[in-house]
Every structure is written in structure tokens, then in C-alpha cells.
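Step one of this worksheet: look at the structure below.
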Amino acid sequence: MQRLSRGSLAPTAGPGPVPVEYAVAVDRYLGSATLGAASRRVYRISLTGWAWPLVDRERPAGAGRRGAAPPIVPLALLDRPEAAARLAAATAARAAVAGARTVNRELSALRSAVGWWQEQGWITADPTAGLRHLTRPATPPLALSEAQHAGLLRAPAGLREHTFWRLLADTGAPAEEILALDADQLDLAGHRTRTRELSWTPATSERLAWLLAGRCRGPVFLTERKAPATTPHADVCPLTGRARMSYRRAAEIFITATRPLDPAGHGWTLHQLSASRSLRAA
């Protein structure tokens, strides 16, 4: 596939007003690029895929991806602070299901498009600035230090977030496994799951009890909104009607909450929090 660089793009925007929608900006960008038909199709697929996380929605997967209509995304959303966190979380989630080569190609397409849109004056920020290409083999995550972990527990966040973070740090389990827990799988008196595969501290059990507030079935960690009609039954709380929180959303919240704590200003990852269990145990 032909590699796209800023040098391969026309230096000025095409005729017409400044685009309001992300999809229109993608069309104008690709229309000015020197690409073959096959490469243009690949870049369009890659850029379209970023539309869902930009508006805080799950990217369709599997068979649901075919023919899925992308959401309407205002181009100005890329100038908002939350765009960077959403893209970072989406990259982490994408890396869990796609190879490094695929993720890096999609990142390159987005970074090139954002650069060209900046040159046209359509946006001013670069929400891709903190994104890095994946390496192979992947570098093991750097665990949070004891001081960093203590600072995290004092971070301003809601009960759901602090409960999730404590459970992740106590068990050292992958975030996906923690998010998959249902209320009837927990033994709060024993501070563990009923299968005894995971265990945690009494302080974490206390917060779990507050979070569940009498819920005895359905997902432990829920979204703020009602579940869409297409949500699988197992991922919907029968009491509140809200959906199970996704990995992408949990990662986005964590990155945003920890950015003020990170000297580099990038924020930490859920993998780092999970890995900190072994460090504290040592």
C-alpha cells in the first residue's frame, strides 16, 4: 500500500466552505491526496473507524461492522480536550483485538488527516499528539509505584471509578475480566468471587456494597445511560436498564483522571494499574 505523508497532499483545500462534519472533512482530505484506488479505500475505512470513539461510542465489531452507518461527528469536536483521551482509549481497545500493523496504519491515516486539516485552518488542536505507534514485541507496561498508587486513591472521581480501580489493583486481573463481573458472582463477606478465582481487600468489598446498593444481578459496573435496544441481555442491568461499562470507556476515564498525576501529562493506563499489584506485593 502506498504510504501517505503530508508531502503527498495538495497544499490547499478544495473549493467550498469549511466543512462542519468529520465525514465531509475526510472526503475533502482524500480528494486532495495522491493515492491509488485501493489505498484510498483503506484510508477511508481507517478514518471512518475513528468516528465512533470521537463521540464516545463503541466501534462496531465482527459482522456488525459491515454496513454500519458511522455517527455524525462535528469536526470541531477534535478541538475539544476530551478528543485526545477518547482517541487514546480507543487505540488501547483497538490494540487488544487488532495487530500492531493494523493499529499503526489506522493511526498514521488519522495523524496525516489531522495535520492536513490543521494546515487548512479547519481545526487548531492535534488530538493525536499523545498517540504512539505500537511496537513489536510489545513493551511490558510500567507498573505504578506505591506513591503513584496512593495518589490515585486520592484523585477526584466517582464511587464507580474508585471501586473499579481498587478492584483492578487488588486482583491484578485484566480490566476486561473485572468489567465482565456480575453482581451474583461476588462474595462480599469473603472478599472474593464465589469461584475464589479473584480476591480483594475488605475496603474494596465495602465500596462494592455501596456501588451495588442492593443490586444482586446484572453487571457490576454500569454506564451512565440506558442501554440501547441492541445491547445483549447479559450486558443490561435488570433493575436500572443501564448497560455494562466498556473497556474503552473505562480506559478513557482512567487516562483523563490520571493526566494531572502523570509528570509527562499523558495519563496512565489500566494495564499499569493492574501490574502495580505485583509491585506492591513485593
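The values are calculated or read from the model by the stated rules, or taken from the named source; none is laboratory data. Everything numeric here is computed off the predicted structure, so don't read it as measured data. Positions of Cβ are backbone-derived with ideal geometry, glycine not excepted, and every protein chain shown enters the neighbour counts.
Structural remarks
- Any hit, region 266-282, residues being outside any helix (DSSP H, G or I), touching a residue at least 40 places away in the same chain (Cβ under 8 Å) and either touching a strand residue (DSSP E or B) at 6+ places or on another chain (Cβ under 7 Å) or surrounded by fewer than 20 Cβ atoms within 10 Å (Cβ to Cβ) (or both): yes
- Among residues of region 129-164, those that are modelled with pLDDT of 85 or more and either of a type in the set (D, E, K, R) or in contact with a Phe, Trp or Tyr (Cβ under 7 Å, 6 or more places away or on another chain) (or both), counted: 4
- Note on region 189-201: among residues that are in contact (Cβ under 8 Å) with a residue 24 or more places away in the chain and of a type in the set (A, V, I, L, M, F, W, C), the one that is farthest from Ala95 (Cα to Cα) is Trp200.
- Of the residues making up region 145-173, those that are outside any helix (DSSP H, G or I) and over 11 Å from Leu198 (Cβ atoms) are Ser145, Arg154, Ala155, Pro156, Ala157, Gly158.
- Selection of region 194-211 for residues being buried (at least 17 other Cβ atoms within 10 Å of the Cβ) and modelled with pLDDT of 90 or more yields Trp200, Thr204, Ser205, Arg207, Leu208, Leu211.
- When region 206-261 is filtered for residues that are small (Gly, Ala, Ser), touching a residue at least 60 places away in the same chain (Cβ under 8 Å) and not in a loop (DSSP other than H, G, I, E, B), the ones remaining, listed by number, are Ala250, Ala251, Ala257.
- Exactly one residue out of Arg217, Arg259 is at negative phi, of a type in the set (Lys, Arg) and within 15 Å of the chain's Cα centre (by Cα): that is Arg259.
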